[in-house]
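Right, one structure below, let's go through it.
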Amino acid sequence: MKRFFNLHSFIALCSIMGIAAIFIINRLDPLNTVSRDGVALDTVISVTASAPKSISELNGILNDAFALIEELDDRFSMYNENSDVSLMSANAGGEWVPVSRPTYEALAAAVHAAKLTDGAYDPTIGPVSIAWRDRLSENSLPSEEEIDAALLRVSFDALELSSSPPMAKLDMPGGVVDLGGIAKGYVSSSVRNLLKERGVTSALIDLGGNVVVIGGRPRNGSGTRTPWRIGVQHPSKPRGTPICVVSLSEGSVITAGDYERFWEVDGGRYTHIYNPATGFPVDGRLKSVTIISDDPTQGDALSTAFIVMGEPQALELLRIMPEVGAIFISETDDEEYRITATGDLKGAVETTPGGPHIAFHDTW
Amino acid sequence: MTGKKYDWLLYSILAASFALSCALVFATRPKDGGLTFEAVRGGTVIERRRAAELTDGVALDLSSGAMTNIVASDPTGIRMVLANCPGGDCLRARPMKNAGDMIVCIPHKLIMRIVSSSVGAIDVMSY
Ligand SMILES: [Zn+2]
């Protein structure tokens, strides 16, 4: 009898210690989380950061992150006439322009992406995007002559860079630098670096749908982490409706979609993504491309380039880029959607209830 | 007899522990409950209320200084009804009705959105 009682005492003691441990872990877990939203880069931005730091320390880190976003926005904006990018365009065909280090880095990444994609992404697309925007905003379309004239001024080969001191030159009279296809990616990468340097262990950075995650999602302060779950927007359903979901603890998820920003004129729909070879907005079955990788800057440029290139050519290029995963959402004949993903994303991407089946494509 | 007495104590402790665990799970459960309207300016939430409170005819003044923004609800949803921003894009934005819907006044750096209070399976959208 005594032995029996001791065993029960032991079990009871274990239970009590277990409960106590749960309390202690919950009380002592030092992880705090802060979150902030704002408007920059012509879009809505949101940063959530967790670290074993005080709330006021974390708020200080977010202050710095948002200051960095605004600073980079000022440097990259086509619409701010004093930005590095505007000064380059103002001096197109002329002199070297001193630029900030971040602008130099973003331009270097842009030129690299342009070469990699054989110009499907082109940071000098500015004259074309402006020609279309000016006409579409007054409910008309640019003429063939206007498009041809704009196309003559598009060439990433004319973009020259010099590293120290950082300088850039657009050797193309009438040329316009447009970092729109890479700016958000570069800024999110910079924010990630800042957060990590300051000791943030878990974060979600959302710059208008360009998503970068750090360190998994903390669960109820219990110290355990699960991957972040990132929905990929359905091309034709209301904002916030996913067509598939990506689970990722660390990295970036960048989507370019022809549904995201567009103009409607005379029943025609004109997206903001232009084909640098034709000077026309893309108009294909491929509705969106999502790039999953560690490099949001490249991911931003690649997502745009892949929409222009189309799925088969993009998959071909991905064969030499095993570190890059991609999801292609295409419209089918019966107005349904088809999802193709690179083989490395097996287990990381899943369809939504009732959503299309995902076909995985091994690229290497 | 001593054993029986301690058994009783033992089961009491286990029952209490179980109750405590349940309470803990309950306290940390995902909170569920309808849709919430939020307005954010300069990183600060300036208005948050249950979307259900914004019924037909109710208007909310989210103006700040010289920046005028007034939202109101009608059967199509919550929309911007008065704004003095250049371009007035927010006035033409689609009314908000469902979780994830958003209206942004970029010139006034004002974000309005409907968020679901229930913990969804998704942390963020890529678009
Ligand atoms: Zn507005």
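The values are calculated or read from the model by the stated rules, or taken from the named source; none is laboratory data. All of these numbers come straight from a predicted model, not from anything done at the bench. Here the Cβ is made from the backbone with ideal geometry for all residues, glycine too, and neighbour counts use every protein chain on show. Calculation scope for accessible area: heavy atoms of the full protein, side chains included, ligands and nucleic acids excluded. Shrake-Rupley method; radii C 1.70, N 1.55, O 1.52, S 1.80 Å.
Annotations for the structure displayed:
- Unique match (being open to solvent by less than 40 Å² (accessible area, probe 1.4 Å) and within 16 Å of the ligand (Cβ to nearest atom)) among B:Val40, B:Val124: B:Val40
- Output for segment A:316-351, where each listed residue is of a type in the set (Asp, Glu) and either open to solvent by less than 10 Å² (accessible area, probe 1.4 Å) or within 18 Å of A:Lys287 (Cβ to Cβ) (or both): A:Glu331, A:Asp333, A:Asp334, A:Glu335, A:Glu336
- In segment B:60-96, the qualifying residues are those that are open to solvent by 60 Å² or more (accessible area, probe 1.4 Å) and away from the ligand (no atom under 12 Å from the Cβ), and the one that is nearest to the other protein chains (Cβ to nearest Cβ) is B:Arg94.
- Within segment A:50-87, the set of residues being touching a Ser or Thr at 6+ places or on another chain (Cβ under 7 Å) and within 13 Å of chain B (Cβ to nearest Cβ) comprises A:Ser50, A:Ser77.
- Scanning segment A:95-118 for residues that are among the hydroxyl-bearing types (Ser, Thr, Tyr), in a loop (DSSP other than H, G, I, E, B) and farther than 30 Å from A:Glu57 by Cβ turns up at least one hit.
- Condition check for A:Tyr259: within 10 Å of another protein chain (Cβ to nearest Cβ), modelled with pLDDT under 95, open to solvent by less than 50 Å² (accessible area, probe 1.4 Å) and touching a strand residue (DSSP E or B) at 6+ places or on another chain (Cβ under 8 Å): yes
- Residues that are more than 8 Å from chain B (Cβ to nearest Cβ) and touching a strand residue (DSSP E or B) at 6+ places or on another chain (Cβ under 6 Å) within segment A:193-207 comprise A:Leu195, A:Gly199, A:Val200, A:Thr201, A:Ser202, A:Ala203, A:Ile205, A:Leu207, listed in sequence order.
Here is a yes/no grid of residues against (1) over 18 Å from A:Asp118 (Cβ atoms); (2) polar (S, T, N, Q); (3) modelled with pLDDT of 95 or more:
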residue	(1), (2), (3)
A:Asp266	yes, no, no
A:Arg269	yes, no, no
A:His272	yes, no, no
A:Pro276	no, no, yes
A:Asp283	yes, no, no
A:Ile292	yes, no, yes
A:Pro296	yes, no, yes
A:Ser303	no, yes, yes
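- Answer from B:Ile103, B:Ile111 - the residue that is more than 9 Å from the ligand (Cβ to nearest atom), closer than 22 Å to A:Ile45 by Cα and assigned to a strand (DSSP E or B): B:Ile111
- Those residues of segment A:38-59 which are without any contact (Cβ under 8 Å) to a residue 60 or more places away in the chain and open to solvent by 20 Å² or more (accessible area, probe 1.4 Å), in sequence order: A:Ser54, A:Ile55, A:Ser56, A:Glu57, A:Asn59
- In summary, strands (runs of 3 or more DSSP E) completely within segment A:310-364 and bearing 3 or more residues that are under 22 Å from A:Thr241 (Cβ atoms) and out of contact with any Cys (no Cβ under 6 Å at 6 or more places or on another chain) occur at A:325-331, A:337-342.
- Candidate set from segment A:60-83 (those that are free of Cβ contacts under 8 Å to residues at least 60 places away in the same chain and among the aromatic types (Phe, Trp, Tyr)); member that is least open to solvent (accessible area, probe 1.4 Å): A:Phe66
- Test: residue in segment A:289-307 that is more than 16 Å from the chain's Cα centre (by Cα) and either open to solvent by 10 Å² or more (accessible area, probe 1.4 Å) or farther than 26 Å from A:Leu41 by Cβ (or both): no
- Matching residues in segment A:132-177 - criterion: being part of a helix (DSSP H, G or I), without any contact (Cβ under 8 Å) to a residue 24 or more places away in the chain and open to solvent by less than 20 Å² (accessible area, probe 1.4 Å): none
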